[in-house]
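To keep things clear, I will list the structure first and then write my remarks on it.
We did not get these values from a lab; they are worked out from the coordinates using the rules stated. Source: prediction; values computed, not measured. So basically every Cβ, Gly included, is an ideal-geometry build from the backbone, and we count neighbours across all protein chains shown.
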Amino acid sequence: MLDNNQLLRFTTAGSVDDGKSTLIGRLLYDSKSIFEDQLQAIENTSKKRGHAGVDLALFTDGLKDEREQGITIDVAYRYFTTPKRKFIIADTPGHIQYTRNMVTGASTANVATILIDARHGVIEQTKRHAFIASLLNIPHVIVCVNKMDLVDYSEDVFNDIVSQFEQISSKMLIKDVRFIPMSALNGDNVVNRSENMTWYQGSPMLNMLETMHISSDVNKVDARFPVQTVLRPQNDTHRDYRGYAGRVASGVLRVGDEITVMPSGFTSVIKAINLNDQELKEAFAPQSVSIQLEDDIDIGRGDMIVRSNNKPEASQDIEVMLCWLNNTPAKPRAKYTIKHTSNDQKAMIKDVVYKIDIESLNRVEGDDSLSMNDIAKVKIRTTKPLMVDTYRENRFTGSIILVDDSTNETVAAGMIV
Amino acid sequence: MSSNKYYLNYLDELESEAIYVLREVWAQFQNPVILFSGGKDSIVITHLAKKAFYPSKIPFPLMHVDTGHNFPETIQFRDDIIKELGVNLIVGSVQESIDDGRVAEEKGKNATRNALQITTLLDAIESNKVDCAIGGGRRDEEKARAKERFFSHRDDFGQWDPKNQRPELWNIFNGKYFEGEHFRAFPISNWTEMDVWNYIKRENIAIPSLYFAHEREVVWRQDAWIPNSEFLVLEDHEEVVTKKIRFRTLGDITITGGIESDADTLAKIADEVAGMRQTERGNRSDDKRSESAMEDRKRQGYF
């Protein structure tokens with residue numbers, strides 16, 4: 001691998017029936033990312049279960065219960081590397097707790113791949129997948145029209161599905177959509193170009209993943225630096241050292257920049273940026289660094305360093321698109337811990353503005369209940385101001401989670417609108 | 001200025017993510033430790049922790065679960081790194097757990113102390129009031145590990161419930177727990193074996209000599225070269241031979257198999273790993289016991 005190779009994260013949405021596991025198995029197998037002992041293990045299992053040939057889907061087999069039930073319960077992460085990029089797949093299940101898992105997998109993805117069975121075209125599930133990709137603002141979507149071998153590799157069938165999908169996606173905010181006709185089972189247009197579909201002029205999936213432009217997926221404009229912790233070594237060589245440790249959430253910060261500390265409003269100038277014993281001139285997202293300021297001001301975890309001429313909004317009242325992720329429904333006007341960047345506050349859900357009917361994607365008003373897998377626009381009031389951007393502009397300063405203090409579980413994830 | 005200037009390569013991005021996780025651990029927990037085995041993954045974690053808190057010292061101790069069946073080189077390496085970093089070392093001893101009657105040695109030909117470590121580890125976590133144990137586990141290692149969170153909750157029996165994990169979104173980690181529970185944190189979750197070697201090479205990180213090809217007395221057992229040691233009970237048909245080998249993973253000396261190799265530099269090791277067609281845990285007999293050997297141990301509280 002080369003030194004300038006990038007990391008690309010993508011999700012796979014779909015169910016076993018769409019051939020999702022087969023697609024992942026095919027990607028790993030044809031890119032030679034599977035080891036011999038893994039291959040031997042699934043050959044044995046394939047035989048034991050009476051499958052003809054090697055069942056590539058078995059590569060994604062996980063926990064004992066999943067193997068027994070033939071389903072995926074939780075997001076599983078898979079890895080492969082080509083000479084061009086390193087890839088992380090968030091493999092999300094199609095059946096159980098579908099929304100919860102897909103939202104989780106989508107939260108860090110550059111690319112969402114959506115599988116469609118060519119025989120069935122765009123179905124309700126496809127709509128839900130596209131909607132979540134849009135809601136989570138995944139920068140790129142690849143629609144894999146799979147099982148083309150079962151429709152005689154027909155260009156008409158493919159074009160028809162493309163226009164069906166464009167009809168629904170045109171109502172959503174998806175920036176970059178691409179379509180690939182494929183047969184994951186036979187390997188057409190996954191890693192290798194299909195000889196059965198010479199009418200398709202685009203790239204096979206792997207080549208598309210290897211070459212798509214992802215450097216602009218990160219917000220490079222709004223400099224945001226949530227402080228995680230303060231480094232004060234107090235040893236002889238660094239007696240007065242005070243470094244603010246954190247990861248640049250977005251934008252670029254440079255030595256000499258005039259900054260404001262939120263929420264206090266104190267201003268100063270960046271004196272130095274360090275990574276280990278290196279001195280950097282600038283730091284950009286998603287680098288983890290520590291920052292020293294010219295002035296001695298009181299800064300701690302939960303504060304945010306921003307450029308003085310570009311500040312986030314400080315607000316106690318936020319509107320978010322909320323996904324409920326827990327078996328216990330939301331309690332009306334109950335208090336939760338809200339986690340936003342490195343900041344923890346108490347919060348209350350004041351109002352459910354509307355819920356999304358995940359089947360029809362219509363807004364439903366007048367229903368205040370929130371239970372597992374529900375998606376709703378809500379109003380939240382926090383005890384102290386959060387420094388927020390909208391999620392559309394900034395994935396990391398625009399996202400929150402809610403924690404139920406009576407169970408300590410993460411019960412909801414939200415995107416600030 | 002081209003916007004292309006502002007992107008990280010994959011190793012820098014993985015490093016940045018791991019440093020972020022380590023700082024979150026420090027900020028969210030009262031009493032974290034790094035689980036240090038002397039293996040390459042825990043060495044990389046320690047190196048990342050050094051970077052995360054520089055110029056401060058690593059602000060938490062290292063914890064070693066000592067099976068008593070060690071490679072002497074590993075113990076020497078551990079003691080050297082402790083001295084160099086100026087941090088504390090906590091040792092949980094499996095031998096003491098046996099002497100105290102907390103666990104009993106396994107019987108039979110392939111008996112190891114591997115599973116016994118679970119009790120020692122959980123006892124050490126409890127007696128030292130550790131609320132977060134940082135490990136070098138990677139999701140690419142094993143199918144049960146593919147579902148791990150960065151912040152992984154353990155109940156008050158130290159157990160992992162894979163079906164009931166907290167969802168983990170963006171980079172917001174929920175480290176809240178009740179008395180008696182603890183967390184495991186895995187900063188290099190997203191790294192592969194290859195990433196680890198490329199990083200060790202790039203950063204020129206010191207690792208035990210066992211990883212480099214060397215002459216050693218070994219026995220062929222369960223498709224791997226098991227090192228001869230005072231703990232190894234030979235079968236009648238088994239023969240001790242001298243081979244040039246190196247180890248891909250380091251664990252208990254009785255179960256860690258070596259591979260024949262001439263790779264005696266970091267560059268050669270990285271090249272060799274890139275061409276490997278077997279997984280690294282393929283040489284670990286602890287994972288060969290059943291299809292769900294790792295999952296079963298993890299549920300009980302294993303690393």
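Key figures for this structure:
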read-out: Alpha-carbon centroids, segment A:229-292 and segment B:10-80: separation in whole Å; value: 23 Å
read-out: DSSP-assigned coil residues among GluC sites (Glu not before Pro) in segment A:337-396, each with at most 14 further Cβ atoms within 10 Å; value: A:E359, A:E365
read-out: Most mobile of B:R149, B:R202, B:R113 in a GNM of chain B (Cα contacts under 10 Å); value: B:R202
read-out: In sequence order, calculated HN-Hα J values of segment A:80-87 (Karplus, 6.51, -1.76, 1.60; Hz; x Gly/Pro); value: 8, 9, 10, x, 9, 8, 9, 10
read-out: With Cα atoms, 0 to 90° folded angle of helix A:124-135 axis to chain A main axis; value: 20 degrees
read-out: Whole-angstrom Cα spans of segment B:206-286 along principal axes, big to small; value: 39, 22, 19
read-out: Residue among A:Q125, A:Q38, A:Q292 with the largest mean-square fluctuation in a Gaussian network model of chain A, springs linking Cα atoms under 10 Å; value: A:Q38
read-out: Charge-dipole axis of the protein assembly as shown as Lys and Arg at +1 and Asp and Glu at -1 on Cβ define it, positive-most pick from B:I45, B:N204, A:I123; value: A:I123
read-out: Per-residue average of Cβ from other chains inside 10 Å of B:156-167; value: 4
read-out: A:S360-B:K129 FRET efficiency (beta carbon distance; Förster radius 35 Å; 0.05 resolution); value: 0.10
read-out: Cα lying deepest toward the dipole's positive end in chain B, options B:V103, B:H214, B:A293, charges on Cβ; value: B:A293
read-out: Per-residue average of Cβ from other chains inside 10 Å of B:134-147; value: 4
read-out: C-alpha long axis of helix A:20-30 to longest principal axis of chain A, angle in °; value: 90 degrees
read-out: R0 of 35 Å, Cβ-Cβ distance A:D368-A:D160: FRET efficiency to nearest 0.05; value: 0.30
read-out: Integer Hz, Karplus 6.51/-1.76/1.60 couplings in order for segment A:166-171, x for Gly and Pro; value: 4, 4, 7, 6, 5, 8
read-out: Table column - 3J(HN,Hα) (Hz), segment A:34-47, Karplus curve with 6.51, -1.76, 1.60, x for Gly and Pro; value: 10, 7, 4, 5, 5, 5, 4, 4, 7, 4, 4, 5, 4, 5
read-out: 10 Å-binned pair-distance histogram of segment A:313-416 (Cα, whole percent); value: 16, 53, 29, 3
read-out: Hits among lysines - C-alpha to C-alpha of A:K350 under 21 Å, sequence gap 8 or more where chains match; value: A:K331, A:K335, A:K339, A:K377, A:K379, A:K384
read-out: Extension gain (nm, one decimal) between A:K346 and A:V54, 0.36 nm per residue minus Cα-Cα; value: 99.9 nm
read-out: Distant-in-sequence amide H partners of B:M63 (H built 1.01 Å from N, under 5 Å); value: B:I34, B:L35, B:F36, B:I90
read-out: Average silhouette area of the protein assembly as shown, convex hull of alpha-carbon atoms, in square nanometres; value: 31.7 nm²
read-out: Dipole-positive endmost among A:A334, A:T410, A:G366 within segment A:313-416 (Cβ charges, Cα centre); value: A:A334
read-out: GNM flexibility winner over chain B from B:A52, B:A267, B:A224 (Cα, springs under 10 Å); value: B:A267
read-out: Gyration tensor over alpha-carbon atoms, segment B:138-215, equivalent ellipsoid semi-axes in Å; value: 31, 15, 13
read-out: Least to most buried among A:R232, B:R166, A:R333 (fewest other Cβ within 10 Å first); value: A:R333, A:R232, B:R166
read-out: Spatial separation of Cα centroids for segment B:172-250 and segment B:118-153, in angstrom; value: 17 Å
read-out: Placed amide H near B:K143: partners under 5 Å, 5+ positions off or other chain; value: none
read-out: Residues with amide H under 5 Å from that of A:F179, placed H, sequence gap 5 or more; value: A:V143
